[in-house]
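A short write-up of the structure that comes next.
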Amino acid sequence: MLQTRNLQYRYAEGPALSFPDLQVEAGARLLVLGESGCGKSTLLHLLAGLLKPASGTVELRGTDLSRLSPAARDRFRGRHIGLVYQHPPFVASLSVRDNLLLSPFARQRKASAGQDGNAESKTALERLPTIAERLGIAPLLQRLPHKLSVGERQRAAIARALLGGPGGPDLILADEPTSALDRRRCDAVRELLIEAATNSGAALVVVTHDDRLVPHFEQRVELTPAYPTGPAAQHRAQHHAPQNPEPA
Amino acid sequence: MSPARWLHMVWRNLWHRRLGALVNLILLALGTGIISLLLLLQGQVEQKFQNDLRGVDLVIGAKGSPLQLVLSAVYQIDAPTGNVPIAAVKSILQGPMVGGAIPLAYGDSYRGYRIVGTSTTFTDRFETDLAAGRNWSAPLEVVLGAGVARATGLELGAHFHGSHGVAGGEAHAHHDFTVVGILEASNSVLDQLILTDPASVWAVHESAVPERSVQWENPSEWPDSLDLTAVLVQFRGRMGLFQLPRAVNATPGLQAALPSVEVNRLIGLLGIGTTTLQVVGAGITIMAGISVFLALFLRLRERRRELALLRAMGYHPWALFALLLGEGLLLAGIGAVLGLVLSRLGLVLVNRLAAGEFHWSFTAEPVPQEGLLVLGVLALGVLAALIPALMAMRVDVAKALAEE
């Protein structure tokens, strides 16, 4: 499903970052751990195709993202990748419902065109009530985003991630989805993410410095603070089964 | 993104910042409205001046301001300069350079509508027929212009008294006018006049009325002993333009005014005011454009995450460009439409003022220049949104999404 090789990224200023090779199968869950500034969000944006690597490849469903044109990469991301942020952004002027459907609507064409985008937005519209119901945001769909609580915004962001692609996303990427939440909310969001990914068969990659998530992910990678590239490049990748797993 | 979805998002974005958008719209509508109103008025005023000028090459009247003479004799919107004895003008009017002459005796009114003593050929200039009744054939018989009949409600056979002057002066209670005809509407000064035989005017002012009926079409028939307020003259040939004014001005107490010259001068004077107002309108419109630009530009920073989110959701950079451009375009479009509505409302106000003062009315029919005005405003909207739209395309998605 998701595979990276020799991935490196270089900011205009500061050291270049190199990342461990990753392989995540459909339905699997990977936790990327690390302290602030170690490149977790950069890795997530590379996986999402929002950043172009200095070298190396990111393949999703056999497609090398860096080989796609920017426009094709945008379309691909919209169809296959769901994104969840710690402080999820919303289009302030649109209702929660319209925000959830941003991705399928991006590919919608004129009604007469009969293109795939129309079928996709139709499917998304059909799936919306079920997903909204399951995440407990059905009564909030007509509200504006600023009227939602922090928890409701998180759930709406997860719902939006699930509505990408014709039958749901192949990959859900979450950036610090629980870091700012208390224990109870953290558990709720974690459960929602895992349940959503499990139900849709999507691979789930979460980047966080929140250790509370560790027991719930079978794959883990821990990034160390940024190191220069080359022979001195170091990172510690640890892949091991969770200890004391809790039910998802 | 479908066009309907694009429009929905553009509209929602404007609605979300409706207070700011309202300020943009007010400025756009005000600027467009002023320019549109001036276009409507300018065209119609010029057309009205030209229409009423038909068949008049020269106006002969008492010494004074030539513009006043033309305004009072041709357009009936100013006080007369005085009277001229028929004996003084008769020899000039019988000369070979005169193709036609129409006598005018005026100074009285009924409910603000001027009573004009003239020949029946006066109406021929406007190619207007009677809608009802017949032409006057005896003193104190009158024919009403269509506007007068509509405003006063006078019908055939009705009687009324005239008043001295046009501002409702002393009533001439001993002389009853009788309505014998009503003219068709001609959209000219004719609509606002009450026409009668010059002998009626003399009768009301208790001058000596000629005993016999006068053939007013032929100046040689005009009675020497009486006065006229003005004479409208048509040249027989081009030479009249050079020789007649000189001949008239050489006669003591008379002046010749060339209406085309005076009207051009008047339009020129009005043009200065019109141009000034147009510049003000254009200035307000440009300010509106700048306000649209500032609104979009200043909001870019707070919208960075939104724009980045759209990119992350699969929206092409050109889709973001189209969204921002759409906001400028939609604002300009609504502003232009509101401006056109505003100009029509302004026209209603102008009509009320013009109806009271000059009995003029202007139509709200669009003029071709308004199409250009709307296109100009739309272009301004696009221009105002261009830089913000281009900046929206270049938003650093990863960086913006990483912000809190």
* To do: Considering every residue within region B:35-52, establish whether at least one is within 14 Å of another protein chain (Cβ to nearest Cβ) and free of Cβ contacts under 8 Å to residues at least 60 places away in the same chain.
  => no
* Where a residue in region A:78-99 is within 8 Å of another protein chain (Cβ to nearest Cβ) and its partner, wherever it lies, is of a type in the set (V, I, T) and in a loop (DSSP other than H, G, I, E, B), with Cβ under 9 Å and at least six apart -> A:Q86/A:T178; A:D98/A:V91
* **Breaking point among (1) closer than 30 Å to A:H87 by Cα; (2) away from chain A (no Cβ under 14 Å), for B:A308** => (2)
* Single residue of B:L14, B:L67 found to be within 14 Å of chain A (Cβ to nearest Cβ) and either over 30 Å from B:R246 (Cα atoms) or in a helix (DSSP H, G or I) (or both) -> B:L14
* **region B:27-63 - residue that is modelled with pLDDT under 90 and of a type in the set (G, A, S) and, of those, farthest from B:L269 (Cα to Cα)** => B:G55
* **Sole exception among (1) among the aromatic types (F, W, Y); (2) within 22 Å of B:W216 (Cβ to Cβ); (3) loosely packed, with under 15 Cβ neighbours inside 10 Å for B:F242, by number** => (2)
* Asked: Do we find that B:I102 is over 25 Å from B:P252 (Cβ atoms), part of a strand (DSSP E or B) and of a type in the set (V, I, T) in this structure?
  -> no
* **Criterion (assigned to a helix (DSSP H, G or I), out of contact with any strand residue (DSSP E or B) (no Cβ under 9 Å at 6 or more places or on another chain) and within 14 Å of chain A (Cβ to nearest Cβ)) met by exactly one of B:A392, B:A379, B:A384, B:A336** => B:A392
* Which of the residues that make up region A:60-77 are farther than 30 Å from A:S149 by Cβ and facing another protein chain (nearest Cβ under 7 Å)? -> A:A71, A:D74, A:R75
* Give just the number: which of (1) in contact (Cβ under 8 Å) with a residue 40 or more places away in the chain; (2) farther than 24 Å from B:R238 by Cβ; (3) in a loop (DSSP other than H, G, I, E, B) does B:D78 not satisfy? => (1)
* **Near pairs, Cβ below 6 angstrom, 6+ apart or cross-chain, from region B:311-324 (closer than 18 Å to B:R12 by Cα and facing chain A (nearest Cβ under 8 Å)) to any residue that is assigned to a loop (DSSP other than H, G, I, E, B) and modelled with pLDDT under 90** => B:A319/B:M1
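Across region B:271-305, which residue is nearest to the other protein chains (Cβ to nearest Cβ) among those that are assigned to a helix (DSSP H, G or I) and within 25 Å of A:I158 (Cβ to Cβ)? Walk me through how you get there before you give the answer.
Kept after step one, since they are assigned to a helix (DSSP H, G or I), are these residues of region B:271-305: B:271-302, B:304-305.
Those still in the list that are within 25 Å of A:I158 (Cβ to Cβ) too: B:302, B:304-305.
Numbers: B:E302: 9, B:R304: 9, B:R305: 4 Å.
The selected residue is B:R305.
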* To do: With the condition kept exactly as written, say whether any residue in region B:123-132 is in contact (Cβ under 8 Å) with a residue 40 or more places away in the chain, within 26 Å of B:Q234 (Cα to Cα) and small (G, A, S).
  => no
* To do: Could you tell me whether any residue of region A:127-145 is touching a Phe, Trp or Tyr at 6+ places or on another chain (Cβ under 7 Å), on the phi < 0 side of the Ramachandran plot and assigned to a helix (DSSP H, G or I)?
  => yes
* Of (1) buried (at least 23 other Cβ atoms within 10 Å of the Cβ); (2) out of contact with any helix residue (DSSP H, G or I) (no Cβ under 7 Å at 6 or more places or on another chain), A:S55 satisfies all except one. Which? -> (1)
* Which ranges mark the helices (runs of 4 or more DSSP H) fully within region A:14-123 that have 3 or more residues being closer than 16 Å to A:L171 by Cα? -> A:40-47, A:70-80
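Kindly indicate which of A:A226, A:A159, A:A203, A:A180 is more than 14 Å from chain B (Cβ to nearest Cβ) and at pLDDT below 90.
The conditions single out A:A226.
The values are calculated or read from the model by the stated rules, or taken from the named source; none is laboratory data. This is a predicted model, so every value here is computed, not measured. Here the Cβ is made from the backbone with ideal geometry for all residues, glycine too, and neighbour counts use every protein chain on show.
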